[in-house]
Structures are given as C-alpha cells and as structure tokens.
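Rule-based calculations on the coordinates, nothing more; no lab input. Keep in mind it's a predicted model, so treat the numbers as computed, not measured. Cβ sites come from the backbone with ideal geometry, for glycine too, and all protein chains shown count toward neighbours.
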Amino acid sequence: MRAGSLPLGRRALPTGVELYRLGGDGEIERVTGEGVHRLGREGLLRFIDDGQGAHYLIGDADSGPERPSHATVKLGVVAPHSAFSPHVHGAEHVVLSLGYSTCTLVEHGRVVELLLPPGHCVRIPAMLPHSFGNRAGRPLLIMAANTGLGIADADYAVGAAEAADRGWAEVAAELRVLDGTRPAPLRVRERVAAGLRRVAGLLEPVGPR
C-alpha cells in the first residue's frame, strides 16, 4: 500500500508539517501531528481593516527592516461584499484568490478593475494604488505574499491620508480615486459555478485526520 493511501485516521503528519484545509465559507483548519485545529476569527490578526483577518504561514506581522524576512506569506479572510481600504504597499505584493474577488487598480488616473475567479493570482508592484474586494456573499479566502513586509510595518498598507502626510501628493490623489470602490456583484454564471464548486467540495477527499 502506498504511503499516500494509508487510512486517514491511522497516520500522523511528520514533525513540523502543517496541512491547511480551506473551506468554501472562509473556514481554515490547520492539521498537524497533534490533531486538527480550527482557526476561528478570534484567532486571526486584523488585516488592514476591521472585519478582515489574516494568519501567517511565513514571516509574521512584525517582519520589516528591523526584523528582516525575505517574504511574508499569509492566509487572509475577506468579509462578504467588502473591500479593503485603498492603499499602497512599500513592497511588491502577490495575491492568490480562492474565491470570487476583484482587484481595482489606478495608474495616472486610469482605473482598471480585474474580476478574479477562483485560482487567479495577481502581482502588484510596490506603490501602485489598489483595493482588493470580495464579490460574493460568503467569506473569501486569499493567499497574500509580500517581499519582506508584515502588516504591522508602517509601509505595509499606506492609505490616502497617510500618503498626504508623507508628502506623496500624487499617490494620495490616486488613492482617493478609489474611495468608495465597491466589489462588482457576481454574474449569473458565476453564481452557478460557485454552487457547483460547493457540491464538488463535498465530494472531494480530505487529508489525514
């Protein structure tokens, strides 16, 4: 019998290995050799705005110039029909969307809205104004990576008011263009696809318990 086909309840993960189960309603379960641990909202860090949460996989919230890390990687939970306040990062930023999301960007006054279905990843350069949102009525899971900045760093997410205080007039003006940006609603075919994904999730096998 191959190792991968051992009965789920009969084997423990190797020391240090963590398996994450990401549910369709924003649930996160962390599986280790010691058992299964559900990461509830109370166990997540505040992620830019109230109501949004994050759990670090690599690095931590304090990663930055004083505590250098080559990269930070975290799971994020975005509330239904919500968007992060427009901001810029002091480092490049990569986001993998595991649900129906939107990324709205602005450059030289030109606004571009990217509608991201599950499995799409967007890379955003440093200092490009943007906002990321959840288009669905269920919590959205994302995986976000930054080059070396944690969410506690002063340059992690700079909004319009702070940009103006720093003398970044052009950045502040472009961020204000995104004020009030709301995620576009799901299209009919996306609602159908989301329902089929939920059914598929019930049929797919899970990892060891």
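For the pair residue 123 and residue 199 in one chain, pulling the backbone fully straight at 0.36 nm per residue adds 24.3 nm over the alpha carbon distance. With no solvent and one point per C-alpha, what does the Debye sum give as log10 I(q)/I(0) for the chain at q = 0.13, 0.18 Å⁻¹? Scattering profile of the chain, log10 relative to I(0): -0.78, -1.30. Among residues other than residue 152 with Cβ under 13 Å from its Cβ, the summed charge is -2 (Lys and Arg +1, Asp and Glu -1). Each part reduced to its alpha carbon centroid, the range 136-208 and the range 61-102 end up 8 Å apart.
Counting Lys and Arg as +1 and Asp and Glu as -1 over every other residue whose Cβ lies under 13 Å from the Cβ of residue 27, the net charge comes to +4.
By the Cα gyration tensor, the range 101-145 has an equivalent ellipsoid whose semi-axes, rounded to whole angstrom, run 20, 12, 9 from largest to smallest.
Per-residue Cβ neighbour counts within 10 Å put 156, 20 in the sequence 20, 156, beginning with the fewest. The mean sequence separation of alpha-carbon pairs under 8 Å and at least six residues apart, normalised by the residue count of the range 44-186, gives a relative contact order of 32 percent.
Report note on the peptides 139-149, 80-90, 106-116, 26-36: ranked by the mean count of other C-beta atoms within 10 Å, highest first, their order is 139-149, 80-90, 26-36, 106-116.
Per the Debye formula on identical point scatterers at the alpha carbon atoms of the range 102-209, with no solvent, log10 I(q)/I(0) at q = 0.10, 0.23 Å⁻¹ is -0.41, -1.36. Quick one: net charge of residue 68's neighbours, Cβ under 15 Å, K/R +1, D/E -1? Within the 15 Å Cβ shell, the charges total -4.
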